[in-house]
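Below is one structure; the comments refer to it alone.
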2 protein chains.
Amino acid sequence: MPFAENEVTGRLADYVVTADPRDLPSHVRHEALRSFFNIVGCTIGGARHEIVDLADKTLAPFAGPQQATLFARSRKADMMHAALINAFASSIYSFDDTHAQAVVHPSGPVAAAVLALAEMRAVSGDDLLAAFALGVELECRLCKAVSVPPAQGSMAWSGTGISGGFGAVAAVGKLLKLDTERMRWAMGIALSQASGFRAMHGSMQASMMPAQGAPVGLRAAIMAERGFTASPVALEGKYGFLTVFCDTPDLDALAGGLGTRFELLSNTYKAYPCGIVIQPIIDACLQLRNEKGIAADRIARVDIQASPGTMALCNNRNPKNELQAHVSLHHWVAVAFIRGTARIQDMDTETAVRDPALMAFQDKVDAVLNPAIGSDGTEVTVTMNDGTKFVCKIDHCIGSATNPMTDQDLERKFAAMAEPAIGAARARELVAKTWGVGALADAGELSRASA
Amino acid sequence: MPFAENEVTGRLADYVVTADPRDLPSHVRHEALRSFFNIVGCTIGGARHEIVDLADKTLAPFAGPQQATLFARSRKADMMHAALINAFASSIYSFDDTHAQAVVHPSGPVAAAVLALAEMRAVSGDDLLAAFALGVELECRLCKAVSVPPAQGSMAWSGTGISGGFGAVAAVGKLLKLDTERMRWAMGIALSQASGFRAMHGSMQASMMPAQGAPVGLRAAIMAERGFTASPVALEGKYGFLTVFCDTPDLDALAGGLGTRFELLSNTYKAYPCGIVIQPIIDACLQLRNEKGIAADRIARVDIQASPGTMALCNNRNPKNELQAHVSLHHWVAVAFIRGTARIQDMDTETAVRDPALMAFQDKVDAVLNPAIGSDGTEVTVTMNDGTKFVCKIDHCIGSATNPMTDQDLERKFAAMAEPAIGAARARELVAKTWGVGALADAGELSRASA
C-alpha cells in the first residue's frame with residue numbers, strides 16, 4: 001500500500017480538488033465522452049417511460065422552482081427533483097453502462113447531477129466533462145473496492161445505490177471548486193446516505209435506488225459549500241463507510257494510482273435494452289437473420305447454448321410485462337427473428353410483450369446450459385422447417401469489454417432512443433451537441449436542448 | 001418462532017394496516033402521548049438553532065410550495081422539506097428520546113412526517129397519535145431486531161438512520177389508509193433507503209442522518225399510494241434489509257407479539273440536553289447545590305466516580321464549542337454549580353462554552369472510573385474551601401428507564417425549550433394543545449400553532 005489507511009478520504013478528496021482537467025489522458029477523456037454520450041441518450045430514451053411519469057407526477061407537488069430541465073418534458077423543476085427524475089430515466093430500461101468488473105452503472109447519477117447544476121451555475125462544457133470523468137472514476141473505484149476480490153463484500157448491496165452518491169458529489173464538488181476540507185465534508189454527507197439492496201430488483205424501486213445518488217451528491221456538495229460539516233474520514237474512519245459496507249476493502253483499488261490508472265476505461269455500454277447476459281444471444285439471432293436471410297415463419301426451432309449466468313437469470317419464457325421481458329431470453333429471440341430489432345419499444349407491455357406472434361414464437365426457443373460459455377458468449381442453432389440448420393457462435397458480444405460499442409454504435413443507439421422522444425431533427429441536433437459538449441461555453445445549453 | 005421467516009414484512013404491514021387505534025391499551029397510548037409531547041418540545045427547542053438555520057437556508061432554494069409548517073419559523077415549505085428540517089431540529093441538541101435497549105431515537109422522524117402530512121390531508125388528532133404510536137413501535141422493533149442480542153449487528157450503523165424511515169413510513173402509510181399490498185411497497189421503498197453510520201458523530205451530519213427518515217418515509221408512503229412498487233418482502237427477502245444490516249436478526253423482537261408486547265413502553269426521555277451518560281452527574285450536582293445550599297465560589301474541588309461509558313465518551317475537559325460541550329462532563333458540572341441549571345442555552349458556544357467562569361470552574365472537576373457504577377448512576381463528592389465535604393450518590397438518574405421523567409418533568413422540559421422560541425404565552429398554548437392532541441378534530445392545527 002503506497003499510502004496510510006487513514007489517508008483514504010483525504011487522498012481521494014485531494015485528488016479531485018487538485019486534478020487539472022488537462023491532465024486527463026486523451027483516451028480517458030474520450031472514454032468519459034463516450035460514457036457521457038451514452039447516458040444522455042439513455043436519459044432521453046427513458047424520459048417518457050410511464051414509470052418515470054409516475055415518479056415525476058407523484059413527486060412534482062413537492063418540487064421547487066424551475067431551475068433545471070426535465071429531459072424530454074416541457075417544464076423544469078428544482079435541481080434536486082430534476083436530477084432525481086433524469087437519473088431515474090437514465091436507468092429505467094437498464095440500458096445504461098456497466099463497469100466490466102464491479103456491478104455498478106456509474107454514469108447516471110453523476111451525469112444527472114452535473115447537468116442540473118450546469119443550469120444554475122456557470123459551467124463550461126469542458127469543465128463539466130472533466131468533473132463527470134472524475135465522478136465516474138471515483139464511483140467505479142469505490143464500488144470495486146468493496147465488491148470485487150480481494151474485497152469480500154455482500155452481493156446484496158446495490159452497487160450503484162451505495163456508490164452513486166459518491167460519484168455525484170465528487171463531480172459536483174469539483175464544479176463548485178470546493179477546497180479539500182469541504183470536499184471531505186461533502187463526501188461524508190453523501191457517503192452517510194449510501195443505501196440500497198438488490199431485493200428491490202424487478203420492482204419500480206430498483207431504478208430509484210441508483211437514481212437517488214444524483215440528488216444525494218448534488219445536495220451534499222452544496223451543503224458542504226455552505227459550511228455544513230461531516231466526518232472528514234467518512235470512508236476509513238471508525239464506524240465509517242468501509243466498516244459497514246465491506247470489512248475487507250481493496251484500498252489500492254480505491255485510492256491507489258490516482259491519475260495514472262483509470263477504472264473509467266473499463267466502462268461498457270449495452271447494445272440492447274435488456275439483461276446483460278441476453279446481449280450475445282440477440283447478437284447471434286440478428287446475425288443469422290440478416291446474413292442468412294432467415295424468415296421467421298420458416299423457422300422450426302431455435303436452440304441456444306447459454307452461459308451459467310444467462311441460465312440463472314434470464315431463462316424465463318412468456319414474460320407477462322415489461323419488467324419481466326427485461327430478463328427473458330425467449331422474448332428477445334422472438335423479437336430478433338420476427339422484427340429484426342432489439343429496441344426499447346420491443347419490450348413495451350402492450351405492443352410487444354403481449355404481441356401474439358412474439359408470444360407464439362417463444363415456444364420454438366429452448367436454452368441449455370453450456371458451462372464453457374462465458375457471460376458475453378453463446379451458440380445459437382436455427383433449424384428451418386425444411387430441416388436446414390444454421391449456426392452462429394458468439395465469443396464476445398457487441399458491448400462487451402472485448403468487443404466494445406464503437407462511437408458509431410453509440411450514436412445509432414442514441415438516435416434510436418432520442419427520436420421517439422424529441423423527433424428526428426432535434427435528436428440529430430442533440431447528438432451533435434452531446435459529442436461536442438467539450439466545446440460548449442455554457443454546458444447548461446445541453447440540458448436545455450433535451451427538454 | 002410463532003411465524004414463518006418469510007412472513008416478516010407482510011406480518012408487520014398487516015399489523016399496521018389492520019390495527020384499530022382503540023385496541024392500543026391506555027398505558028401504551030399514554031406513553032405514545034408522552035413520546036409525542038417530548039418530541040414536539042424538542043422540535044420547537046431546536047428549531048432556531050444556527051445549524052438548523054444553515055440547513056434550512058441552504059436547502060430552501062430547492063423547496064416547493066408552502067404546504068407544511070417549519071416549527072418556530074414564519075414560513076411554510078413543501079412537506080418533504082418541512083419534515084426534514086423539523087426532524088433535524090428535533091435532534092439537534094440530542095435532547096430527544098432513546099429506547100432503553102436499542103440505541104434509537106425513535107420519535108423525531110415519525111413525528112415530523114405525520115405532522116407534515118396532517119397539514120395536507122384531513123387527519124384527526126386521535127388518528128395522528130395512533131399512527132405515531134404504530135410508527136414508533138415498528139421503528140424500535142426494527143432497530144432492536146438488528147442490534148440487541150441475540151442479534152449481532154454492527155455498532156457502526158446509526159440506529160435511527162437505518163430504522164427511522166421505517167417508523168415514518170408505517171405511520172404515514174397508516175394515515176393514508178394504505179392496503180397491505182401498498183403498505184408492503186411503501187415499507188420496501190423506505191427500507192431500501194436506510195442509511196447512516198456513526199463516523200458522522202460530532203459533525204452536523206450526525207443529526208441529519210436520523211432526520212432523513214422523515215422525508216424518506218413520507219415520500220415512500222405517498223409513492224406507494226400512487227402505485228409505485230417495491231419488493232413486498234423487503235425485510236426478509238433474498239438480498240433484503242436483514243441480509244445487509246444483520247444476518248442474525250431477532251425475528252421475534254421484530255414481528256412477535258404484535259399488539260400485545262410494546263417496545264414503545266421502553267422509550268425514555270432525557271432530563272438534560274447532553275450525552276446520556278452525563279445525566280446522573282448533573283442530577284447529583286443540582287441536588288447538592290439545591291439541597292445543601294452550596295455556593296460555587298466556595299467549592300475547592302468536585303470528585304466524580306463515573307461509569308465506564310461516561311469515562312469513555314464524556315471525560316472531556318474544556319470543550320471548544322457546542323458540539324464538544326455536548327459530551328463534556330466538566331462543562332456540565334460547572335454549569336450545574338454556577339448556574340443551577342442544565343438547559344439548551346447552557347451549551348451555547350458564545351454565552352456558555354466560552355464563559356470564563358464556567359471554563360475556570362472545570363479545573364476543579366475530576367472524574368475517575370468506578371466499574372461498579374451503571375450508566376445511569378454516579379457518586380459526586382464536593383470539597384468546600386473550608387474542608388467540608390458533601391456527597392451525593394445517584395443509582396438511577398431522572399429520565400432513566402427505572403426513574404422516568406414524570407409528565408410534569410416533561411412539561412417543564414417542553415416549556416423551557418418553547419419559551420425562548422415562541423414566547424411564554426404561545427408556549428403555554430402549545431403545551432396544552434400537544435397534551436390534548438388526541439382531541440383535535442384537525443391535527444394540522446398543532447403544526448400551525450408551532451410556527
With one decimal in nm and the nearest listed first, the spacings from residue A:321 to its own position in the other copies, using label points 7 Å along Cα-to-Cβ, are 5.0
Each residue of B:354-360 has, on average, a number of other protein chain C-beta atoms within 10 Å of its C-beta equal to 0
Expressed in nanometres to one decimal, the distance between label points 7 Å along Cα→Cβ at residue B:22 and residue A:287 is 7.2 nm
DSSP beta bridges in region B:276-394: the antiparallel percent, rounded to 5, is 70 percent
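To the nearest 20 Debye, how big is the dipole of region A:301-411 about its Cα centre, given +1 on the beta carbon of each Lys and Arg and -1 on that of each Asp and Glu?
About 380 debye.
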Rounded to two decimals, the Debye log10 I(q)/I(0) of the protein assembly as shown (Cα scatterers, no solvent) at q = 0.06, 0.09, 0.10 Å⁻¹ is -0.43, -0.90, -1.08
The alpha-carbon center of region B:240-263 and that of region B:164-179 are separated, in whole Å, by 18 Å
dims of region A:169-225, Cα set, principal axes, largest to smallest, nearest Å -> 41, 17, 13
Result: in chain A the number of Lys pairs with C-alpha under 17 Å apart, spaced 8 or more or on different chains, is 6
FRET efficiency (residue B:351, residue B:247; Cβ distance; R0 35 Å; to 0.05) is 0.10
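Given the Cα-Cα distance of residue B:396 and residue B:432 and 0.36 nm per residue of separation, how much length would full extension add, in nm?
On the way: separation 36, 0.36 × 36 = 12.96 nm, distance 2.96 nm.
Working it through step by step, the gained length comes to 10.0 nm.
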Only helices counted: for chain B, with every DSSP H run of 4 or more residues adding -39500 (n - 2.57) and the sum spread over all residues, [θ] at 222 nm is -15000 deg cm²/dmol
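Taking every DSSP beta bridge with both residues inside the protein assembly as shown, roughly what % is antiparallel (nearest 5)?
The answer is about 80 percent antiparallel.
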Inter-chain shielding metric for B:216-226, i.e. average beta-carbon neighbours from other chains within 10 angstrom, reads 3
Non-local residues with an amide H under 5 Å from the amide H of residue B:300, with H modelled 1.01 Å from N and Pro and chain starts lacking one, are B:383, B:384, B:385
In whole percents, the bins of 10 Å from zero upward hold the Cα-Cα pairs of region B:1-80 as 14, 27, 24, 26, 9, 0
Cβ density ranking, 10 Å radius, fewest first, applied to A:183, B:311, B:187 yields B:311, A:183, B:187
With a Förster distance of 45 angstrom and the Cβ-Cβ distance between residue A:424 and residue A:383, calculated FRET efficiency to the nearest 0.05 equals 0.70
FRET efficiency for residue A:303 and residue A:324 from the Cβ-Cβ distance with R0 = 22 Å, rounded to 0.05, comes out at 0.45
With +1 on the Cβ of every Lys and Arg and -1 on the Cβ of every Asp and Glu, the dipole magnitude of chain B about its Cα centre, in debye rounded to the nearest 20, is 700 debye
Rounded to two decimals, the Debye log10 I(q)/I(0) of chain A (Cα scatterers, no solvent) at q = 0.09, 0.10, 0.13 Å⁻¹ is -0.56, -0.68, -1.11
Taking max minus min of the Cα coordinates of region B:31-73 on each principal axis, largest first, gives extents in Å of 38, 23, 12
Sorted by chain and then number, the residues having a modelled amide H within less than 5 Å of the amide H of residue B:367, at least 5 places away or on another chain, are B:304
In debye to the nearest 20, the charge dipole size for the protein assembly as shown, taken about the Cα centre with +1 at each Lys and Arg Cβ and -1 at each Asp and Glu Cβ, equals 1040 debye
Of all DSSP beta bridges with both partners in chain B, the antiparallel percent, nearest 5, is 80 percent
Residue separation between residue B:4 and residue B:54 times 0.36 nm, minus their alpha-carbon distance, gives in nm 13.3 nm
Given Cβ charges of +1 for Lys and Arg and -1 for Asp and Glu, the option among B:299, B:19, B:280 whose Cα lies farthest towards the positive end of the dipole of chain B is B:299
Reduced to Cα centres, the span from region A:295-325 to region A:1-30 in Å works out to 44 Å
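Could you work out the relative contact order of chain B, using alpha carbon pairs under 8 angstrom and six or more residues apart, expressed as a whole percent?
21 percent
Largest first and in whole Å, give the semi-axes of region B:315-431's equivalent ellipsoid, each being the square root of 5 times a Cα gyration tensor eigenvalue. Mind dumping the intermediate values first?
Numbers: eigenvalues 147, 84, 36 Å².
Value: 27, 20, 13 Å, ordered largest first.
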Mean separation of Cα contacts under 8 Å (at least 6 apart) over the residue count of region A:276-394, i.e. the relative contact order in percent, is 41 percent
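Laboratory data are not the source of any read-out in this text; all were calculated from the coordinates shown. Predicted, not measured: the structure shown is a model, and the values here were computed from it. All Cβ positions, even for glycine, are placed from backbone atoms using ideal geometry, and neighbour counts span all protein chains on display.
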